[in-house]
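Trainee: Starting off with a structure, shown below.
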Amino acid sequence: MLRPVHIAIPTLVRVKSGALDRIGIYLSRDKRFTVAVLISSGLQAPLPDRIAASLKEHGISTAAWIEVSNNDLESTARLFAELPSNVHAVVGVGGGKALDVAKYVSFLGRLPFFAVPTSLSNDGFCSPQSSLTIRGRRRSLSASLPFGVIIDTEVCLAAPRFLTLSGVGDLVSKFTAVRDWKLAFHAKGESVDDFAALLSDGSIHSFLSHPRFDLDGIRLLATALMMNGIAMEICGSSRPASGSEHLISHALDAISRRPRLHGLQVGIATYIISLLQGINTDRIIDLFDATGFWTAIAEDPFSRSEWLQAVRTAPSIKENFYTILSSRDVMPEVEQILTSDFRLTPCFQD
Ligand SMILES: [Zn+2]
């Protein structure tokens, strides 16, 4: 595997309390005086007003202020086509959909993208892909990493807890993803980019050192999720951030009557995969104990039959993608785990 010739990682990174009210300063210092703001529809007051006030205060004019509720490719392309020609940058604010759409619009327009997530539910805010839907099906399309990442830790701390737990689930999946990557090297000779693997693996440990929901914990979680995106950019592949646990989550999105948040599905799948891989399980347990992850899942349990079906179909989701699930028939083990593991049984119902 060759490193991409050109990798573009964020230049401006602000992860701190009050960062939201400084967006205007950051943009003006960078001479981005005319911007398009793409913001999650219905984003909680007073966040939109705080952003608008900061832009105004620092002389940033808003050529477009668009509320995003759809992340289908057609409406994203339309937004790009209607973008005023004098725009210097695209600012995406809010949750996953708005950030994915803003990232793709900026990618199409070759414009710098400033990501302003207001919650930390997954690593998408700083990944080189946009998750959009095409004819109702979710697809990951190549895009560029943001030029700027602005995370107000106080705002993310105030976000609903289940969103942050979803971010924890997406973060912990890097253990099993990196392990799957190494298994693919041994079984299929797929080359591993050691630096990207190290970065991804290391990012979890920073949050593990302080797995709490306070300003410091949020800062560590945000930075760790950001490093995962950068690891993907460095090696030009999703391998350091996504393995068999993500395949299971994608399968659930396709078959489940009520798919849950990405990171909640991925987190539980990571625990199961770690048992199959025989490594890192204790660390995952510690992290889920410390953050209350198990309890949150048990409050709204998954369907055991849907999960069994998802694990069965997961290996066929991505061609030429070797993981632990391709190495043997794991179904008897998974059935046993889902019915008898004492941590998991409260997390599932039939
Ligand atoms: Zn993910």
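Trainee: Between the DSSP loop rule and a limit of at most 16 other Cβ atoms within 10 Å, which trypsin sites (Lys or Arg not before Pro) in segment 177-251 are left?
Mentor: Loop-located and lightly packed - Arg212.
Trainee: Given the options Ala89, Ala231, Ala254, state which has the largest fluctuation in a GNM of the chain using a 10 Å cut-off (strictly under) for Cα springs.
Mentor: Comparing Ala89, Ala231, Ala254 in the GNM, the peak value goes to Ala254.
Trainee: Lysines near Lys318 by alpha-carbon distance under 29 Å, same-chain residues fewer than 8 away left out - which ones?
Mentor: Of all the lysines, those that pass the test against Lys318 - Cα under 29 Å, at least 8 places apart if same chain - are Lys97, Lys103, Lys174, Lys182, Lys188.
Trainee: Taking the solvent-accessible surface of protein heavy atoms with a 1.4 Å probe, what is the per residue accessible area of the chain in Å²?
Mentor: Value for the chain: 43 Å² per residue.
Trainee: Continuing with the same structure: Calculate what fraction, in whole %, of the accessible area of segment 265-328 sits on carbon and sulfur atoms when a 1.4 Å probe is rolled over the protein chains.
Mentor: That share works out to 46 percent.
Trainee: I've got another one for you. Report, to the nearest whole %, how much of the accessible area of segment 96-180 belongs to carbon and sulfur atoms, 1.4 Å probe, protein only.
Mentor: 47 percent
Trainee: With runs of 4+ DSSP H residues as the only contributors, calculate the mean residue ellipticity of the chain at 222 nm using -39,500 (n - 2.57) per run, divided by the residue total and rounded to the nearest 500.
Mentor: Result for the chain, helices only: -16000 deg cm²/dmol.
Trainee: Still on this structure, please answer the following. Using the C-alpha atoms of segment 146-191, what convex hull volume per residue, in cubic angstrom, is computed?
Mentor: 95 Å³
Trainee: Hey, another quick one. Taking the Cα of Lys318, stepping 7 Å toward and past its beta carbon, and measuring to each backbone N in segment 250-268: which are under 14 Å?
Mentor: 250-252, 266
Trainee: Is there a quick way to get the dipole size of the chain? I mean about its Cα centre, with the Cβ of Lys and Arg at +1 and of Asp and Glu at -1; what is the value in debye to the nearest 20?
Mentor: Dipole size: approximately 780 debye.
Trainee: Using a Förster distance of 30 Å, how high is the FRET efficiency between Phe33 and Glu154, based on the Cβ-Cβ distance and rounded to 0.05?
Mentor: 0.65
Trainee: Across bins of 10 angstrom width beginning at 0, how are the C-alpha pair distances of segment 6-128 distributed, in whole percent?
Mentor: Reading the bins upward from 0: 13, 50, 34, 3.
Trainee: Based on the Cβ-Cβ distance of Ile7 and Arg283, what FRET efficiency does E = 1/(1 + (r/R0)^6) give at R0 = 41 Å, to the nearest 0.05?
Mentor: After rounding, the FRET efficiency stands at 0.90.
Trainee: Take every Cα-Cα pair in the chain and report what % of them are more than 34 Å apart.
Mentor: Across the chain, Cα pairs with separations above 34 Å total 23 percent.
The values are calculated or read from the model by the stated rules, or taken from the named source; none is laboratory data. Source: prediction; values computed, not measured. Glycine also receives a Cβ, built like all others from the backbone with ideal geometry; neighbour counts cover every protein chain displayed. Each accessible area value is taken on the protein alone, full model and side chains, heavy atoms only, with ligands, DNA and RNA left out. Shrake-Rupley method; radii C 1.70, N 1.55, O 1.52, S 1.80 Å.
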